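One structure is given here, and the rest of the page talks about it.
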Amino acid sequence: MQSQAVLGQNHTLSTFVKSTAQTAAYLDIGWGRPLLMLHGFLAEKTCWLPLIELLPSQFRCISLDMLGFGESSKPEMRYDVAVEVAFVRQVLEQLNIEPCCIIGHSFGGWVVSAYSLKYPNSVSSLVLAASAGIRDDTFCDQYDALRPLLWETPAVDWALQLAKPFASLAGKSDKAAHFGLAQGVNVSTSSKVIFNEQDAAGRRS
């Protein structure tokens, strides 16, 4: 359940996607430099709250429910990166916070990457956290040995059933890693930070 403080920071605005009115829901917390935050696939805006709690005095954190997720509209349409980019564009224009910092996780990283390429002057800095949409052949090669898991055969199904107890243990390990992060332990993740020339110049001055 969301706290009263978080509920008080919930906002909505209207956008038009493919000539149809759609609602954009977002959190607006903190003050300072505007920071747009885009969640990953099947997530929603509150997933950024642990990070937002560390930034309210440095950034105005705007965590957006992308179209089709959370409390934003969920129209019956084909969802793709271009649609989400158009949605994000209208939100930023209405909030009048350009240029701004943007962080995107997973699918959100794919969207903000495409947005930054289309509207480079709208982005002062970009953070990609375990972003989707970026081809890395060296990364993919690490999982070639797992391709047989995609084969539709009784043997594979039987093997996956046997793996269930190990999957449960892996879930507990993920919780331990999350706890370690909360306690300040250095837990590495796949992230990249990009600054444009204007932002870099501002940091040097």
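The values are calculated or read from the model by the stated rules, or taken from the named source; none is laboratory data. Note that the structure is a prediction, hence the values are computed from the model and not measured. Methodologically, a virtual Cβ is constructed for each residue, glycine included, from the backbone with ideal geometry; neighbour enumeration extends over all protein chains shown. Accessible surface is based on the protein model in full, side chains and every heavy atom, while ligands, DNA and RNA are left aside. Shrake-Rupley method; radii C 1.70, N 1.55, O 1.52, S 1.80 Å.
Each peptide in 56-62, 109-115 receives the mean, over its residues, of other Cβ atoms within 10 Å, and ordering these scores from highest gives 109-115, 56-62. Given their separation in residues at 0.36 nm each and the Cα-Cα distance between them, residue 42 and residue 89 gain 14.8 nm when the chain is fully extended.
Using only the Cα atoms of the stretch 1-124, build the gyration tensor, take square roots of its eigenvalues as a ≥ b ≥ c, and label the shape rounded, prolate or oblate: rounded if a/c is under 1.5, else prolate if a/b is larger than b/c, else oblate. It comes out oblate by the Cα gyration axes. Taking each residue as 0.36 nm, the span from residue 10 to residue 28 lengthens on full extension beyond its C-alpha to C-alpha distance by 5.8 nm. Other residues with beta-carbon under 12 Å from the beta-carbon of residue 10 carry, at +1 per Lys or Arg and -1 per Asp or Glu, a net charge of -3.
Could you report the stretch 3-77's accessible area per residue, 1.4 Å probe, as an integer in Å²?
The answer is 50 Å² per residue.
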